[in-house]
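Provided herewith is a single structure, encoded as structure tokens, for subsequent inquiry.
Readers should treat all values here as calculations from the given coordinates under stated rules, not as data from a laboratory. Treat the numbers as computed from the prediction; the structure is a model and nothing was measured. With ideal geometry, Cβ positions are generated from the backbone for all residues, glycine too; neighbour counts draw on all protein chains shown.
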Amino acid sequence: MKGFLVLEDGTILEGEVFGAPSEVLGEVVFTTGMTGYQESLTDPSYCGQILVSSYPLIGNYGVNNFDDQSGQVQVWGYVVKEKCDFPSHRETEKTLDEFLRQGGVPAICGIDTRSLIRKIRTAGTMKGGLGTGDPNELLDRVRDMMHPEESNLVSRVSISRITEYPERHRRKVAVFDCGVKAGIMSELRKRFRVVQVPYNATAEIVRALEPDGICITNGPGNPAHPEILGTTVTTLAKLKDDFPMMGICLGNQLLGLMLGAKTYKLKFGHRGLNQPVRFEGRVFITSQNHGFAVDAASAEDAGLEVTFLNLNDGTVEGMQHTELPIFSVQFHPEARPGPQDTTFLFDRFARMLEGA
């Protein structure tokens, strides 16, 4: 069936729709990963977004039963140049089309994704719409829509009640779930007794759990959204003097805000498996998915030392407090594009807790 992808600047692209037969509006972003589409599609940090894959053929190894990063497809729409209807892999359980259809998410193929991504790199991410109706009417709806990040996207993907996991390790960690990926939970559960708490848990609730440390996870949207500042950031400020903390992705930005730093939106974000980051004289290739960053000058003013630096654009990729046992990274140390280059950061957090 013929369908359209439209952008707020008036661009109308025609293609063939697949996945769920529905219309969707969102922020159009792109990822540069050659593989990992299943992990990306189920990453809660993509909530609110229509994702474009730069790699031209998507779906060739199908979808399996174990690489999901959450319990559902999280992107609001998906755009590819070519989809594969006949995947070849011993662990394939369904096609990309079946996966998106079951997840209720519309997609479109036959789009010149190279040209589209060049446009986004030049103009920045834009509001967009994907559907089968009149493209001009769809464009009107896109231009009138509220930007997804103006709403509290974290509230859509965070856990609703406290969940404690069965592992009996020496140290307990309270995990502020802002849209946590399964890979992060897996790495934490290898090392700690994990208690997962909603993003808006109060300081009193967290203290009652008697954790040894606190982890703040990845998630979607603007870290400086008023509802996030009034809940997660405010709570962390009340806890910072009493607990070691580790932040990942959105957690990096929230810890920065909590300590007085500022965040800003990147032109087109970092999304993919190939972002080079320098740390202690070495370069690591990292997996990333974020559209905001911490301002380096304001971080230093807030008592933070910038420890990780993105070699593509010089943005902050990680920080540590000069006095308190608090550190954070902007990338995903659990995602292993190296394949295990930066999982040592979870071990550093474990050692930090042992010394607390």
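Please specify each residue of segment 24-78 satisfying the condition of being of a type in the set (Val, Ile, Thr) and assigned to a strand (DSSP E or B).
Just the residues of segment 24-78 that are of a type in the set (Val, Ile, Thr), to begin with: 24, 28-29, 31-32, 35, 42, 50, 52, 58, 63, 73, 75.
Once the filter is applied, which keeps residues that are of a type in the set (Val, Ile, Thr) and assigned to a strand (DSSP E or B), segment 24-78 yields VAL24, VAL28, VAL29, THR31, ILE50, VAL52, ILE58, VAL63.
A further question on this structure: SER45 fails exactly one of the following numbered conditions: (1) buried (at least 21 other Cβ atoms within 10 Å of the Cβ); (2) out of contact with any Pro (no Cβ under 8 Å at 6 or more places or on another chain). What is the number of that condition?
With (1) buried (at least 21 other Cβ atoms within 10 Å of the Cβ); (2) out of contact with any Pro (no Cβ under 8 Å at 6 or more places or on another chain) applied to SER45, the lone miss is (2).
Here's another thing I want to ask about it. Could you list, in sequence order, the residues of segment 26-39 that are of a type in the set (Ser, Thr, Tyr) and either closer than 19 Å to ASN312 by Cβ or surrounded by fewer than 23 Cβ atoms within 10 Å (Cβ to Cβ) (or both)?
THR31, THR32, THR35 - these are the residues of segment 26-39 that are of a type in the set (Ser, Thr, Tyr) and either closer than 19 Å to ASN312 by Cβ or surrounded by fewer than 23 Cβ atoms within 10 Å (Cβ to Cβ) (or both).
Of the residues that sit in segment 288-315 and are in contact (Cβ under 8 Å) with a residue 60 or more places away in the chain and under 21 Å from LEU345 (Cα atoms), which one is surrounded by the most Cβ atoms within 10 Å (Cβ to Cβ)?
Among residues in segment 288-315 that are in contact (Cβ under 8 Å) with a residue 60 or more places away in the chain and under 21 Å from LEU345 (Cα atoms), the one surrounded by the most Cβ atoms within 10 Å (Cβ to Cβ) is ASN289.
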